[in-house]
Every structure is written in C-alpha cells, then in structure tokens.
Protein chains: 2
Amino acid sequence: MTASLRIAIAGLGTVGAGTIKLLTTHAGDLAKRCGRRIEIAAVSARDRSRDRGIDVSAYRWFDDALDLAGLPEVDVIVELIGGADGTARELLERAIARGKHVVTANKALLAHRGTALARMAEAKGVQLGYEAAVAGGIPIIKTLREGLAGNRIDRVYGILNGTCNYILTAMRETGRDFADVLADAQRLGYAEADPSFDVDGVDAAHKLSILSGVAFGCEIDFAGVHVEGIRQVSALDIAFAGELGYRIKLLGFARPTEAGIEQRVHACMVPVGTSIAHVEGVYNAVVIEGDFVGRNLCEGRGAGAGPTASAVVSDLVDIARGRGQPTFSVPAAELRRLPSAPMARHRGAYYIRLMVVDRPGVIADVAAALRDQEVSLESMLQRARSPGEAVPVVLTTHETEEAAMRRALDRIAGLDSVTEPPHMIRIEAL
Amino acid sequence: MTASLRIAIAGLGTVGAGTIKLLTTHAGDLAKRCGRRIEIAAVSARDRSRDRGIDVSAYRWFDDALDLAGLPEVDVIVELIGGADGTARELLERAIARGKHVVTANKALLAHRGTALARMAEAKGVQLGYEAAVAGGIPIIKTLREGLAGNRIDRVYGILNGTCNYILTAMRETGRDFADVLADAQRLGYAEADPSFDVDGVDAAHKLSILSGVAFGCEIDFAGVHVEGIRQVSALDIAFAGELGYRIKLLGFARPTEAGIEQRVHACMVPVGTSIAHVEGVYNAVVIEGDFVGRNLCEGRGAGAGPTASAVVSDLVDIARGRGQPTFSVPAAELRRLPSAPMARHRGAYYIRLMVVDRPGVIADVAAALRDQEVSLESMLQRARSPGEAVPVVLTTHETEEAAMRRALDRIAGLDSVTEPPHMIRIEAL
C-alpha cells in the first residue's frame, strides 16, 4: 500500500470534530477506497481544553493554525476556520505556496478570493478542494465539474441555505410570521444568534457565485450577485402563494445571458408541481440544466457536522487517489471574465400584494400604473371586502422587465389609496 | 497539451450517435476540461449506410465490433451494443485483455458479469466505466463511489426505470388502465414493442444489482434480486393510493440486513409528502442514505440519447484526466460475497385490495385470516355499497413479515365471498 495521506486540520468546531469522527470511524473502509490510509498528523484550534466529544490527544496540537502550513510531513491542510479573510485566507495561501493540497469548507473566502486561490493552487500543481463549501452533503461540485462534464451548462439554481428553507417551510406549515419562526429556529439551533448572514441571502449568494464559476467556467463574481433575503416574506404572502399554486422558496439562480452572467438570490414563487417546491426544512437542492443531460436535481442536507464532514472527506479521498482536475472545471488561467447582467434587465413574472383602501376606482388606478409601463396583468384577486378599510389585493403579471416593474411599483406606492409599500415576489416558471 | 485520448465506439444506435454528437459539439470545451482532446479513432455498427443524423465518414469503419479491440492506436473502447452476452461481452473482455480502458452503457452485462469484468479490468490496470448503465444522465455511480466515499451506505433505493414511471404517472393523471397507457407509451416511443424487460422490472433489477455492488462493496448478485413489475397495478389501486395519501411507484431497494443483502424491485406506495413521490414521467431518481451525509436524492432523465451520452462522456473525461478508482468502490479482489436476504423475511406494511361480495360477515372472515397470522390491521375502507354484488374493500396493515402476509392472503383468496385474487402492494414509509 502507498504511504498514508497526512492531513492537518485547522478549526475544531462542529465540522472539524465531525471530520475527525468520520475519518476515525471509517478509517479501514477509507483505506480500501483510497488505496492508502488517511492519517491526521496535526490539528489546531483556539482552545485545547474544550470538550468536542472526540479524543484529539493523539494528534500534534498547534494553537496557531498558521503553523500547520510549515509542517513538512503534512500533505493536505484542511481549513475549517471560516471567514472571508484573516487566518483562513493566510493559512490557505501559505499552504499552497508550500506545495500542499488544501481542502476548505469556507464559502465566504471562495466567493471573495476563489479565482485568485485557484490560480495559485494550479500554478503550484496542488488541489484546492471545496466540495463542503456549497450545499453541504450534496456532492454538487463533483457532479457539475466531473459528472456532467460533457455538457454546456445552461442554468444552475437551487435552495442553497437550509436556515431560510427551514423558516419558510415552518411559516407555511404553521401560518406564523417570520419573526416568530426565526425565534424558534434560533432556539432549535437552525439559525444563528445573529441570523443576518443567512436570512439576508448572503450565504446563499456566496454559494451561488461558486457554482457559477464551476458551471460556466468564469471568474467568481460575488459582487455581481443580486441579493435579497426573506425578512420581507409574510405569512399572508405564503397563504396567497398556496392559493395561486405556488410555494415560496429562497432560490439562487445563475445563467449566462447576452448581457452577461445573471446571478440572483431572492425569495420567489415556484409551481407546487415542481420537484424543488417539495424540498422542505433544512434540506438544500440544486438543479443543473445541461444541453445533453437535461435537468438534474440533487437534494440533501445543506449543513451540519455529518454532511459537511462527508464533503470534506470526499475531497480528501480524491487527493489520496491522485484524482486531479482544474479547480473550476477549466484551468484557472482560462476562466472567462464575464460582465454581470444587471437585475434591471431581468425578465420574469411578478406577484404583487398591495394593501389598499376598499373603495371603487382603486384597481383602475393600479391597472393604469401597470399599463403605462407596459406591464401586462395575468390575474387579480381581492378576497376580503371591508368598505373604507385596508384590504389585501393580489396581482400577478405576465413576463415583463424588472425595470418596468420597479417603475410601476414606485407609482403604485404613491397612490393615496395604497396604505403600505407594495410587496413584490418574483414568480419563476422553472 | 498531452496526446489525444483515442476512442473507438461500438454500436451506433441512439446512444452511439448521441455520444458522437456530444463529442463533436463540445470538442473544444472538453479539451479544456480534460487537458487533452478526445478523438474518435474508429467506429463499428452493423449497417454503414443507415442515416443516423451524424456524419461518421471521418472515422475508420469496422463491420465487426470485435476488430476494434485489436487496434493498437485506440486507448478506450466504448461499448454501446447492449445485451448480457455475445458481442458486447466478447468485445469488453478482449479490450480489457489488451490493456484498453472500457466504457459501457450495458446494464444487463454488468448485472450478470460485473464482478468478473471488474476483476479483469483491475488486474490489467484499466478503468471499466459504466456511469451510463444506471439511471442515464444522473451521475449516480460517481456520487456513490466518490462523492459519498466517506460514508457507510445504509440503503439505496430509487426509480430506476423511466418507462414504468411514465406509465404509472400517466395512469394516475388520466385514471386509465395499464394496457391503455402502455399502448400510448409505445406510440410515443417511451416503451418498446416488447415492453416486458421494462414493465416486468428486469431492467430496474439490473440497475439495482449494480448500485448494490457499489454501495455495499459486494459482488454483484442479480439473481438475488426479488423482481416484480407493474402489470398488476390497476387504475383502482392508484385511486385508492391517492385517497390513502400515497403514490404508486416502481422502486428498487437495496440494503444490508442481518440475513444478507436485501434487493427488491416492485411497485409500492410511497407517502405523497416525500420527494420521490413527485418524481414523475420519464425521470429517474436515486436516494442514498449514508451514516454521515444522511439522505441524498438525485433526480434526472433515466434514458435517451442526450442523458446517456452525457454519462458516457463523463467516464471518458475521467479516463482522459487519468482519474482512476476501483470499479465498485473497493478493489474487486476485496468485494464481499454476501448472501441475499430472502423476500419471505422482508418486514413492511401492506395494502390489500379485495373484491368481495357485499354481505355481512365478510370482513370478519378476512380479519380472522389476518389475525391468525398475527398480521395487525391499520385501516379498512369499503366505500361502495352494492348488496350481493362484488365491491372493493381496501385494507392496510401495520408492519409484518412477508411470509405471514402471504399465508394470510392465501387463506383470504380461498374465502367464498372473495371473488378474485387479492391485490397486494407494499407500503414504504421511507
């Protein structure tokens, strides 16, 4: 048998501990699958005394993660510290510079510096593994980069944040509002104390920008992602969505268009008959549309110790087997720099919910505002009657341009009889 | 750039033509992804003059596929002839013996001779690629063998035959019976003139036996698969399933049990709230349950020129990149020979539909037959009333052993008031 693959793990939080647990639990089977053992040579974390539910006494300990990069006996650095900059970045750059393979679960770092890191890794002839950075346990990077390598990818989209999907699922099932359900999710450990990273769509946007790079062979462009979260989704909109035959999901979409790469993360309505509408709770799902393969959907847990450890180890198995490939499907030197398509040019259908004073003529004013922007109405729904009071009115439009929709909404918001800012949710036919 | 990977394609039917189309359409992108070009050096088929919608005049032509194995300039033989024996088998064996990599879409051959072929290939140090043999465009072999390599796989199940799924979906949507819908499917090209291979579950069983080998690191045991098809599924049962909160799917299941590997293909009822219940039409889906990753589902087109070509080419890309691995996740020499768990020992819940004469005491007789086998009733439903005539009665049971259920059904079938053989469909909680 070939010599062991020796790894050093930086960061012993949930994922780091899960990775050690996996590597020790399945050491024998992994050796068969790899043709060699995977050996943990060193670990690093801030607090040595913390109880992590695993025994780390057998591994060389370093208080400073950066010291791992200098260990001559280590083949791979596994970075599980996190953060778009700081130690994580410095550790990866030093490790690559010293000719070590690196494996990371760090989506923020890749979203901001993925292209540069890929260039560095390829220049040094080492692998940069990041399966764990996108969609947790779903091997979506391998699927895109290798499994569907025969295809031109036309579109990638998916549910990329389990916290948001959990909240939206619970809102639909219980009829409760966002703030309530978020508080529950925080108690259950499905949402962080500061949830903004998840619920404002930033985490999903990080992952989407990485998927774009792999799918379209282009430089990672996180700044080009249009990002919205789910704070503004109300129980009322979820109920109306059900009535219209939709479910509300936070989706990330990426596709090449004539105006550049369109990348957008926002809540949207998807038809209840689609597979992705039934991906519920903490699950993630990614749909890939390829010219030969057609539509492929992968669903699985998007976070947590076990799924993320599974992804980290799949990268280690590839490295142990000597299986290499360009970081983002084509060599980093050949990644295209593509403009980002402006969201104002996006075309789609829209759901608009207004709170209007229930009196004659209101709908005529709203319809005129849409007509003047050449936005074509598909349906109008006013269930409640309460003369003189504010009642919800729901409109859906045919496909139109976002900029026109925005102009119409501005005018509608200014109408006397409209009592609060319009709620807009995009409708995706999929 | 490294020298081209030179391939020879045997069999120019739908998939062969699709593969050539893909390789020529994406030649430039593939070269970037592989670091070298994939070059078609030779082709073989029975009829040179047939119009395949592609130009094959540039390739060396052989009437006899076996001649391809002898070409010294060829690195990979792509076998798209099909059949569990005959030319396909001889070609693969000869090619491997001559040290050539092989790629095949031939599920029947692998189900019957997969273990032996894997041993031959590994002894010669060549790759045996078969991504296209299971679930068409879904890269499920790569996902199982590499993407989830960190896991002990506890269960694999899925919709493995698009023809059956199309028929069952159309039956549910139209309320029509099997024979009617099959005739339609034949007209539309979704079912063969002789549909038995698909509708009797054999094709799904081939694929399931291959998945078992990869998932559990065991020798392929097609003979150990319990196989039933969908001919006996009636429109009435589909309607009752809907009423009970289920959809009927032809699923293949495989898992290790204390009694050996359980492998079974049959129609079953799955809860309408599960993702797999919503995989409709010609789509396939495979669920993998791993100890660290949890549940993963992959959905995509299970057949057709494009998806199958996509799978064939993913194997070629791996070979072009020099990415190797054991054929069935662990080296063929280490594959375990596991006994097959007898279906009589299977435990599960059951749906039973009887046609009974509508008179007092009938249900008591049926209930007594179940009680005597210690089968516990979960629900009973008799919608129609028609005194003295035959009416349907539906029973569902709690979990019980298949052997006990069979004994109870035999006794029920013999009751005077039961007018036709009981219809039994297994219920899967998933």
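Before moving on, here are some points about what is shown:
- Karplus-derived HN-Hα couplings along segment A:202-215 (A = 6.51, B = -1.76, C = 1.60, θ = phi - 60°), whole Hz, x at Gly and Pro: 5, 4, 4, 5, 4, 5, 4, 5, 5, 4, 4, x, 5, 5
- Once backbone amide H atoms are built at 1.01 Å from N, A:Arg37 has A:Ser4, A:Leu5 as its partners under 5 Å, excluding neighbours fewer than 5 places away on the same chain.
- Qualifying GluC sites (Glu not before Pro) in segment B:237-292, DSSP loop, other Cβ atoms within 10 Å at most 12: B:Glu258
- Taking other C-beta atoms within 10 Å as the exposure proxy, A:His278, B:His101 rank A:His278, B:His101 from fewest upward.
- Other protein chain C-beta atoms within 10 Å of residue C-beta, averaged over B:275-287: 3.
- Simple spin-label estimate for B:Ala116 and B:Leu66 in nanometres, 7 Å along Cα-Cβ: 1.6 nm
- Comparing A:Asn151, A:Asn106, A:Val134 along the charge dipole axis of segment A:84-206, the residue lying farthest to the positive side is A:Asn151, per the Cβ-charge model.
- Neighbour counts of C-beta atoms inside 10 Å place A:Phe328, A:Phe253, A:Phe197 in the sequence A:Phe197, A:Phe253, A:Phe328, starting with the fewest.
- Rounded to the nearest whole Hz, the Karplus-based 3J(HN,Hα) values (6.51 cos²θ - 1.76 cosθ + 1.60, θ = phi - 60°) of segment A:289-303 follow the sequence 10, x, 5, 9, 7, x, 8, 10, 10, 10, 10, x, 6, x, 7, with x at glycine and proline.
- Projected label points at B:Arg176 and A:Ala390, each 7 Å from Cα along the beta carbon direction, are separated by 5.3 nanometres.
- Computed log₁₀ I(q)/I(0) - Debye formula, equal Cα scatterers, no solvent, segment B:346-427, q 0.17, 0.21, 0.23, 0.26 Å⁻¹: -0.59, -0.89, -1.07, -1.35
- Averaging the sequence gap over all C-alpha pairs within less than 8 Å and six or more residues apart, then dividing by the number of residues, gives chain B a relative contact order of 17 percent.
- Peptide A:314-320 shows a mean partner chain C-beta count of 4 within 10 Å per residue C-beta.
- Stokes-Einstein diffusion coefficient of segment A:1-116, Kirkwood radius over Cα pairs, 20 °C, 1.002 mPa s, in µm²/s: 148 µm²/s
- For segment B:389-430, the alpha carbon positions stretch 37, 19, 12 Å along the principal axes, listed from largest to smallest.
- Taking amide H positions as modeled 1.01 Å from N, with prolines and chain starts lacking one, the residues under 5 Å from B:Val356 and 5 or more places away or on another chain are B:Val391, B:Val393, B:Thr419.
- Selection from A:Leu92, A:Val293, B:Ser329 lying farthest towards where the dipole of the protein assembly as shown points positive, charges on Cβ: A:Leu92
- Ranked from largest, the principal axis spans of the Cα set of the protein assembly as shown equal 75, 75, 67 Å.
- Dipole of chain A [Lys/Arg +1, Asp/Glu -1 at C-beta], most positive-end residue of A:His423, A:His206, A:Ala344: A:His206
- Ordering of A:163-172, B:300-309, B:348-357 by packing [mean C-beta count within 10 Å, highest first]: B:300-309, A:163-172, B:348-357
- Centre-to-centre, using Cα atoms only, segment A:388-430 and segment A:314-382 are separated by 16 Å.
- For B:Ala105, distant residues with modelled amide H under 5 Å away: B:Glu79
- Spatial offset of segment A:37-105 relative to segment B:10-58 amounts to 46 Å, using the alpha carbon center of each.
- Rounded FRET efficiency, nearest 0.05, which uses the C-beta distance separating B:Ala403 from A:Ala3 and R0 of 56 Å: 0.60
- Inter-site label distance for A:Glu243 and B:Glu192 at 7 Å from Cα along Cβ, in nm: 5.2 nm
- Cα long-axis angle, helix B:305-321 against chain B (0 to 90 degrees, to the nearest 10): 50 degrees
- Position B:Ala58, label points 7 Å along Cα→Cβ, spacing to each other copy in nm (shortest first, one decimal): 5.6
- The lysines whose alpha-carbon is closer than 19 Å to the alpha-carbon of A:Lys107, local same-chain residues fewer than 8 away aside, are A:Lys142, A:Lys207.
- Sequence of B:Ile38, B:Ile138 once ranked by neighbouring C-beta atoms within 10 Å, starting from the fewest: B:Ile38, B:Ile138
- Shielding by partners for peptide B:298-305, expressed as the average number of C-beta atoms from other protein chains within 10 Å of each residue's C-beta, is 5.
- Nearest-first distances (nm) between copies at A:Ala97, label 7 Å from Cα via Cβ: 5.7
- Local electrostatic count, A:Asn161, Cβ distance below 12 Å [Lys/Arg +1, Asp/Glu -1]: -1
- Karplus-derived 3J(HN,Hα) values for segment A:190-200, using 6.51 cos²θ - 1.76 cosθ + 1.60 with θ = phi - 60°, are 8, 9, 6, 4, 9, x, 4, 3, 7, 6, 8 Hz; glycine and proline are entered as x.
The numbers here are math on the coordinates, done by the rules we state, and not lab data. Being a predicted model, the structure only gives us computed values, none of them experimental. Cβ atoms come from the backbone with ideal geometry, glycine included; neighbour counts cover every protein chain shown.
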